[in-house]
Structure formats: structure tokens, C-alpha cells
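**Q** Before I ask anything, let me first share the structure, which is written out below as C-alpha cells.
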Protein chains: 2
Amino acid sequence: MTETMSDSAIRPRKEFGKTIAADITHRLREEIIACGLAPGEPLRFDVLRERFGVSFTTLREALTALTAEGLVDAQEQRGYRVAPVSRQDLVEVTDARVLIEVELIRRAIERGNDDWEIAVISTLHRLKRIEQRDPEHPLRDPEWKIAHRQFHQALVSACGSATLLAIRAELFDRAERYRHLSANFRPRPRDKAGEHQAIMQAAISRNSDLAVQLIETHIRSTADNVATYAAHLLDTE
Amino acid sequence: MTETMSDSAIRPRKEFGKTIAADITHRLREEIIACGLAPGEPLRFDVLRERFGVSFTTLREALTALTAEGLVDAQEQRGYRVAPVSRQDLVEVTDARVLIEVELIRRAIERGNDDWEIAVISTLHRLKRIEQRDPEHPLRDPEWKIAHRQFHQALVSACGSATLLAIRAELFDRAERYRHLSANFRPRPRDKAGEHQAIMQAAISRNSDLAVQLIETHIRSTADNVATYAAHLLDTE
DNA sequence: CCGAGCCATATTTTCGAAAATCATACCGTT
DNA sequence: AACGGTATGATTTTCGAAAATATGGCTCGG
């Protein structure tokens, strides 16, 4: 409010109790997922230092963390680059997601209590509200992205395993990057709203088999879409 | 050759083409898995700096990587500590391992070629040789640990998914720490040699269902053992 | 003209000091 | 004696310089 624009806009502002490194990790992650940093692009320290206004050390810590998440590729003694994309990697991420998400949905439906139901219903509600606002290009709306992420997160949140939830979140991020990759070339989003609605209903009515089937279809058809419309980005070289 | 003993013995000697940070990450990982650094123990920079002879920055990078692997716990602004153990965490790791390893064994049996069979047979052979040497306390023998790890790795290596193999490796490490935790209190190792032999035979003869069942039993019974003999370490506070 | 070896430059990696933050003990007040 | 606030020491976090390593161009010999 009272600060100058130039400073507050450029300088990384860390939230209370958080380290700058954690903040940079978060910002870099978002930028890589959104393909603001292109797959395979070298991540040079000088450039990043300029862009984020932090030191080597802090950047290195962030890049190390993102390397573990599969979003950055470390080439020892030769720096880092954005993790490249490939058809093979897309298939692997999709398969892994199906394997894990299907299991987590089952467990969540089995164990979910009232709070879980409320979380599923309310996150879907918010998602639909945002979609009404701008039904054409949801992926370009940061709010839609967050709401979408939170809905899928809510669905499995009651699974009871923090370990598997962490793995799931990582795979979700990696998949989301592929969605962004094809977003610019996709003619028109298919009926995601309807799919989400159906998944919610199956989950709340504790219809495990149906929910599992819907989720698997949801994940695989999204991946197929990416493979189709981002083909020219996946087959290169 | 020409260097003084004191230096070459204490200083971390990095292998060709590797960074010191990667080396320290590896050494710290091994030490945490072996419970040389006890679960929950604070990881103070001064102490580690003394012990490994490296700087803050390098340590921080290693600790960041291990945090992502679930072996270290980061408390923002309050440093790091060895990831604590708990009965809940043991259950989660075990469940996740069963879910993933069962799937990978299926895929490996389906896709494995001659090289895969050879790898499975030869890694088991080496494991048995080492067991003959010191059948009492295999976990205390670093060579046994490596051979054991390589046998299980070989079993699933042909699954075709680097993504799932990486996740599996991480869970394997976390589980191995629990095995070490109980190793000192376990009366006597059960017949692991027989189990490994049976798993190998089921895999090579492409008997998927049997291999899956044996692997699941292998993983779960190991975890049960830990839960029993390390109970006093899991229930505290 | 081509290729191997070497020098100069660009870039990463590592370091220890300085700044920021947290934990603890102390003091004064109620 | 209990409580709140503050000063002090311990520890983490961040920084930019220095060392180590890779990259690209150049020369020289074949």
C-alpha cells in the first residue's frame, strides 16, 4: 500500500515464517507448470538471479527441490534446465496417475466423513462458478487452475495416506504442465464441467466402481488430448 | 599418493564429474537409512559441517534433496531434522510399496526379456553368496544391503516406467530405514533366502499372480516384524 | 583442409562472512 | 510468585566473491 510499486512488484516478497528459498521454489514451479519456462530450456543462474532478485545459493536450493519433483533436470557440472517433455514421459505420468489416483479415490470413498463430502461439494461449486465466468479458456485463468486443483485434491483428501497424497500431488503437477503445453493448440475444451459433476456425484453416493471408472477416463482422455494437440511438441528430434 | 593422510582421509573426495553436493546427499542418505543419525535427531549445520567438511550451502542443498525424499524433515526457519518415525508412517510406506511394487512386478514379468532374467538370477546369486558368508546379521553387512537392494531393483527393472521406478526407489529407502530400526532388537532373521528364491522362480517362470502374492507377503511380513520388534521406538510420546 | 591440443571466456559450484530469525534467560512490574 | 517484555546468544538463512569446471574459438601440425 505505502510501498513503491517498482519494488513490491519485482522483489520477491516472502510471507511470514517462510524462507525466500521456499518462495522461489513455489514461483519457479508455477512458471514451469504454466510453460512460461519452456520444456528443455536451460536455467542459467545469471538470468534467474536477475529475474527473481535472489542469490545463487537460494536459486540452487529451489532448483534442487524441483529436480526431485521431476520438473527440473540437473546435469551435473553443466547446470539445470526445465525438464524436457516427451511422449514416453506423458504416458508414464498418465499411467502412474491412474494407478495411484484410482486407489486413493477408493480409499477416500471408503473413509470419507461429512467434512470430506462438504469439501468435495464446495470445491466443485467454486470451480463451476469460475467456469461460468469465462467458459472458453479455463487454463488461462489462474483462479480456475487453483479451483480445479483443489477439487481433485479434495476428492482424494480423505484417503488416509499423506505419503500417497504427496506422490499424487507431484504427478498432478507434472500432468498439468502437459495440459498447458497443448492448451494453446486445443480447438475448444471438451465438457469438463459435466465430467467433474459426474465424478462428484459418484463419490458422494459412495459408488466406488463408477467413480474409479470416471476418474480413469477423465485422466486418460485429458492425456489423449494432449498427445493429439501437442504432437508437434512431443515428437521433435 | 602425494597428499597427506589427514587431508585425504577426512576431506570429502568427490568422484569424477560429480558435485560435492551430490556426494554429501548420498552419504547423508546412507547414514540416515542406517540410523547412524537417529530419527527425529536435529541436523545442525555446525555439527554436519564439522563432520563432512563442507560449507553451509552444500549441506543445505543436500538436506533439501533428502527432504523431498522423505528422509529429512524441514522446519522453516528452525532448521532440519532426521524425519521422525511412527507406526502410521510405517503403515503408509508399506501400503504404498505394496500398491506400486505389485504393479511393477506384473509389468516387468510381462515385458522382461533375456537381459532381465539374467539380471534377476545373477543378483539373487550374489545375494545368496553373501548370505552364506555371514548368515546371522545381514543388515549389518553393507555388501548384503547393496546386493539385496539390487535384487529387488532387478525384479522390477523391466517394468518400463522410469517414473514409477523412481517412486519405488524412494519408498524402498524409507522402508529400509525401518528395517534398520528394528534390526538390533530382532531375535533372528527369518528365512529371507527362501523367500527371495521363491520370488525369483515365480518371476522367471512368468507366474505373475504367484510373484505378486509372494512380493506382497514379503513386504508386509517385513513391516510386521518391524512393528513388533521396534514397537518401543514407534509408540513413544 | 581437417583434427588435436590449448587458451580465453562463460557458467556453475563452493565457500565463509554477514544478515535475519529464533530460543532463552533475565529483569522489572503487577 | 506470576507475567510480559526485552536483551543476549545460538542457529539458520542469504549473500556475493572466489574456485572449479565446462564451452567455444584459435593455432599449429599433419
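The values are calculated or read from the model by the stated rules, or taken from the named source; none is laboratory data. Note that the coordinates shown come from a computational prediction; the quantities given were computed from them, not determined experimentally. We place every Cβ from the backbone using ideal geometry, glycine too, and count neighbours over all the protein chains shown.
**Q** Residues that are within 25 Å of A:H232 (Cα to Cα), away from DNA strand C (no atom under 16 Å from the Cβ) and within 13 Å of another protein chain (Cβ to nearest Cβ): find the helices (runs of 4 or more DSSP H) completely inside region A:21-133 holding 1 or more of those.
**A** Passing ranges, in order: A:87-111.
**Q** Quickly run through region A:149-160 and pick out the residues that are within 14 Å of another protein chain (Cβ to nearest Cβ) and surrounded by 22 or more Cβ atoms within 10 Å (Cβ to Cβ).
**A** Residues satisfying the conditions are A:V156, A:C159.
**Q** Related question: When residues of region A:190-226 are filtered for being among the β-branched types (V, I, T) and more than 17 Å from the chain's Cα centre (by Cα), how many remain?
**A** The total comes to 4.
**Q** Failed condition for B:T67, given (1) surrounded by fewer than 18 Cβ atoms within 10 Å (Cβ to Cβ); (2) closer than 28 Å to B:A154 by Cα; (3) away from DNA strand D (no atom under 15 Å from the Cβ), with all others met?
**A** All conditions are met except number (3).
**Q** Another question, if that's okay. Considering only region A:130-144, I want to know if a residue exists there that is at pLDDT 95 or above, buried (at least 20 other Cβ atoms within 10 Å of the Cβ) and either in contact with a Phe, Trp or Tyr (Cβ under 8 Å, 6 or more places away or on another chain) or charged (D, E, K, R) (or both).
**A** No, there is no match, as no residue in region A:130-144 is at pLDDT 95 or above, buried (at least 20 other Cβ atoms within 10 Å of the Cβ) and either in contact with a Phe, Trp or Tyr (Cβ under 8 Å, 6 or more places away or on another chain) or charged (D, E, K, R) (or both).
**Q** Would you mention how many residues in region A:55-64 are buried (at least 20 other Cβ atoms within 10 Å of the Cβ) and within 7 Å of DNA strand D (Cβ to nearest atom)?
**A** 2
**Q** If I ask for residues that are small (G, A, S) and either in a helix (DSSP H, G or I) or touching a residue at least 12 places away in the same chain (Cβ under 8 Å) (or both), which ones from region A:185-233 would you list?
**A** Listed by number, the residues that qualify are A:A193, A:G194, A:A198, A:A202, A:A203, A:S208, A:A211, A:S221, A:A223, A:A227, A:A230, A:A231.
**Q** With respect to A:T94, determine if the residue is in contact with a strand residue (DSSP E or B) (Cβ under 7 Å, 6 or more places away or on another chain), away from DNA strand D (no atom under 16 Å from the Cβ) and among the β-branched types (V, I, T).
**A** no
**Q** Assess whether B:V226 counts as being assigned by TED's automatic domain parsing to the domain that holds B:V93, touching a helix residue (DSSP H, G or I) at 6+ places or on another chain (Cβ under 6 Å) and under 15 Å from B:E103 (Cα atoms).
**A** no
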